[in-house]
1. Please specify each residue of region B:257-308 satisfying the condition of being more than 16 Å from the chain's Cα centre (by Cα), surrounded by fewer than 22 Cβ atoms within 10 Å (Cβ to Cβ), in contact (Cβ under 8 Å) with a residue 24 or more places away in the chain and away from chain A (no Cβ under 11 Å).
2. Would you point out the residue of region A:232-251, among those that are in a loop (DSSP other than H, G, I, E, B) and not polar (S, T, N, Q), that is farthest from A:Val46 (Cα to Cα)?
3. Go through the residues of region B:10-25 one by one and say whether even a single one is away from every other protein chain (no Cβ under 12 Å), in contact with a helix residue (DSSP H, G or I) (Cβ under 7 Å, 6 or more places away or on another chain), on the phi < 0 side of the Ramachandran plot and at pLDDT below 95.
4. Of everything in region A:310-367, what is more than 20 Å from A:Pro55 (Cα to Cα), surrounded by 21 or more Cβ atoms within 10 Å (Cβ to Cβ), of a type in the set (A, V, I, L, M) and within 12 Å of another protein chain (Cβ to nearest Cβ)? Give them in sequence order.
5. Would you point out the residue of region B:33-52, among those that are farther than 20 Å from B:Arg369 by Cβ and not in a strand (DSSP E or B), that is farthest from the other protein chains (Cβ to nearest Cβ)?
6. Of the residues B:Asp154, B:Asp185, B:Asp169, only one is assigned by TED's automatic domain parsing to the domain that holds B:Phe96, farther than 12 Å from B:Gly108 by Cα and modelled with pLDDT under 95; which?
7. Hand me the list of strands (runs of 3 or more DSSP E) wholly inside region B:72-185 holding 2 or more residues that are closer than 28 Å to B:Leu34 by Cβ and within 11 Å of chain A (Cβ to nearest Cβ).
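The values are calculated or read from the model by the stated rules, or taken from the named source; none is laboratory data. These figures come from a predicted structure and were not determined experimentally. FYI the Cβ positions are ideal-geometry reconstructions off the backbone, even for glycines, and counts take in every protein chain you see.
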Amino acid sequence: MDTSRLSELPVEMLSFTILSAAARATPRIGRLSVPQRKAILTPGFVATTSRGIIPHIAPDVQAKHTHIPGVYLPIEDFLDKAPKQTPPIYNIPPLPNLSRLRRFTTQPDDTLLILGLRRPIPVDAPLTNSNEAFTIYTSVGFRHEKVDDYIEAATVLQPDIFIAPADVVYTTTRSIKRTEKILDRSSTWLDRTLRAQTDAETDTPFPPIFAPILPIAPEQQQLYLSDLTNHSNISGLAIYDPIALPGIPDSLASLPRFSLFPPSSPHTILSHINAGIDIFTIPFIGEASDAGLALSFSFPPPSPSSNSTTPEPLAIDLALPIHNTSLEPLSPNCDCHACDTCTRAYMQHLLSAKEMLGWTFLQLHNHAIMHRFFAGIRASIKAGTWEADVIAFNELYEAELPAKTGAGPRIRGYQYRSGPGEKKRNGKGYGNLDRVAVAGAEVGGGLGAELAEAVEQQDVVMETAVDVPGDKIEESG
Amino acid sequence: MAELSEPDPMPRPPALKFDLLAKCSVTKARASTLHLPHGAVPLPIFMPVATQASLKGLTYEQLDATGCRLCLNNTYHLGLKPGQEVLDHVGGAHKFQGWKHNILTGSGSFQMVSLLKLAKVTEEGVRFLSPHDGSPMLLTPEHSISLQNSIGSDIIMQLDDVIATTSPDLERMTEAMRRSVRWLDRCIAAHKYPERQNLFCIIQGGLDLNLRQECCEAMVKRDTPGIAIGGLSGGEDKESYCKVVKTCTSLLPDNKPRYVMGVGYPEDLVVSVALGADMFDCVWPTRTARFGNAVTAHGVLNLRNAIYGNDFGPIEEGCKCTTCRSREDGGMGATRSYLNHLVSKETVGAHLLTIHNVFYQLDLMRRVRESILEDRFPQFIHDFFNKLYPHGANKPDWAKKALATVGIVL
């Protein structure tokens, strides 16, 4: 064999090493590595994104002040202009060592980029998938994205990991006929993806593929699962629902399992680790930040204070006024940038003033808490104390995150679809002055009328401006 | 109408040192360094506005990286939220928001103009209803200073009686100007920490140059560490604005910083420096960022416009802000296309544009200062206007007229 050609052999694009005993046994610890990217230690998590960024975290802050090893990017966030125009993300020229996806989104150099179909909590679509296309929701509405276009995006955008398309239905009830369709389509779409990989040119290699495991019972997708074992070039599995995990064939046990199923609490994460998930996407981190909640749990749990019988809360609600003089960090013993630089009093102020920085700090803190939570989980598995630690965790903490009291940023069209006759999700920007006007009217005299007029003028001013969260108070010097 | 009494000058020494380094040989521009309790600040300077103790989504580390060493907080807003008690408890605004550099606080009088219908001015102070709970409140010179003492800002502003410059009522204007002088005396008397906080007076008098002159003379006698020219940027025409600035700077001593309040458009900054002003603040660069607008040497770009959808250049070629700088250069390398994708949809879009706009304003003043130090400010002005108005003829008349009074023909 010509040795000069040896050096041209592609380096392994992705490797997953299981560090605990047997691949089949759970929980397990491992390490997913891709050259030039941060390794993901498993069990672990990647951050969820919106339009290419982790909400409220600018890429410079992400690179400097988080440990986030990777992000999940849904293709539907980038297709607003299609099909009339080619979406800009496909047009941006790549640079050496800088893929279109990374260059467009300004994601840091060492962050692992995982490309999938839909947002982590997809907006339920009124359209159904077809044999050739799946439904997406962009900032301009619902439409179909062709499966072949999505497969082509893998080589054009060059993510580090590509989730193969699947005919996923996000409703709980579905007919047997529909289940058959899901299986047929998903299997065809996966075949096309794998063929595209085989056919890929060397200068635009096809990224490592994660094959979808469908969100239906294992026995219903038995054939589909056994088909997977015939393919040697599947690098991992994308799990849409952990109920399917027991059906994964032994020969695929050593593949990393990436979950797109949103856990509702840390307790759910623990049970999904027991079920065999390696890498999580966790939308509740961002939901907590938007709600003004600073996560406050740790794993293994601290020993309970002896006289306390009530469970500990999973988060601190910083929107509550009781924090407004507290000089404590967001949560004790946290070394995140937010806890380093600000107090609960300042956080309470930012949230009550609806300043954007409040959500930034909470995102940094909540991602840091989750980073340590998973580090604790790996240490516990390694030390063999896992089962006892899980029991202690479930006993110590409340089952769910606290109910949200903070108002949060304005909700955008692409994040949510309103039903018929539903109340407005976003409050009125200048409600404060309305109340003043009422108060003024109660005071009586001409002032009330003048106030009402001032309110009206304010509203006109605000209507002309594009809403950006935190823009509800007039700036002034 | 009450005449003004003899002044009771500021106790000395002030909590600042003003080093005048150079004067332009043609215009009235000055380059200086202002040494404040939280570090040195180069003048001329633009100060971004963190109204509610936060600069619109930026971490203070990001603000630091724009080069900002002096930013504004607002007394009126901080007095309502988090309130004086909390500020006293946490030990002032620097600690509260984690900002290591300097802070300047407005007294809250600007809010009287912006919320005039909510307020009633008497000799005692300003009565208004709290926008938070509708309760009646009274802002007096003493209370404003007490709040600013609790905030602990490096530069504090007197409470003044601000009315719209365009008001035709000369009697009310005269009253407001003289009342502002009387309130200055009350502010000086109420100021608890002159050794660590610098109280600036605010020249009033609307567009009436005689009133402005009377106010300058009365206030200069009070010998405050710095002097602000207030009541402008209230919708007056720019020619009148420039006349007021030039009249005032001609009457003010050389050895004190001069702050023109509420000014922020790049061409206004450059012309005002030529007329002898040193310090400026305005919410425009940060507010306009949130509406998707980027400030550049060639004008303002509205990045929400679809024409930027496939524009893969930086906001401004050669810009050294963290948003525009390339990845190799340690920046984010954000493209106009990506900002078009983000702005008004994700808060990070606002963060990235705010970084750029604040940097642009600070960098503009840095370059102005350099040119004054090297005595090539007149050339700088020509270059600046030629870039902003590349087709020669359409340069604004007000700027031509104002610059002509200080020896520059555009």
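1. Result: B:Thr296, B:Ala297, B:His298, B:Gly299, B:Leu301, B:Asn305.
2. So, considering only residues that are in a loop (DSSP other than H, G, I, E, B) and not polar (S, T, N, Q), the one farthest from A:Val46 (Cα to Cα) is A:Pro249.
3. Yes, that holds for at least one residue.
4. Across region A:310-367, the qualifying residue is only A:Ala345.
5. B:Pro37
6. B:Asp169
7. Output list reads B:102-106.
Residues checked against (1) touching a residue at least 24 places away in the same chain (Cβ under 8 Å); (2) under 20 Å from A:Ile209 (Cβ atoms); (3) more than 9 Å from chain B (Cβ to nearest Cβ); (4) not in a helix (DSSP H, G or I):
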site: A:Gln62; (1), (2), (3), (4): yes, no, yes, no
site: A:Leu73; (1), (2), (3), (4): yes, yes, yes, yes
site: A:Asp80; (1), (2), (3), (4): yes, no, no, yes
site: A:Gln85; (1), (2), (3), (4): no, no, no, yes
site: A:Pro122; (1), (2), (3), (4): yes, no, yes, yes
site: A:Ser130; (1), (2), (3), (4): no, no, yes, yes
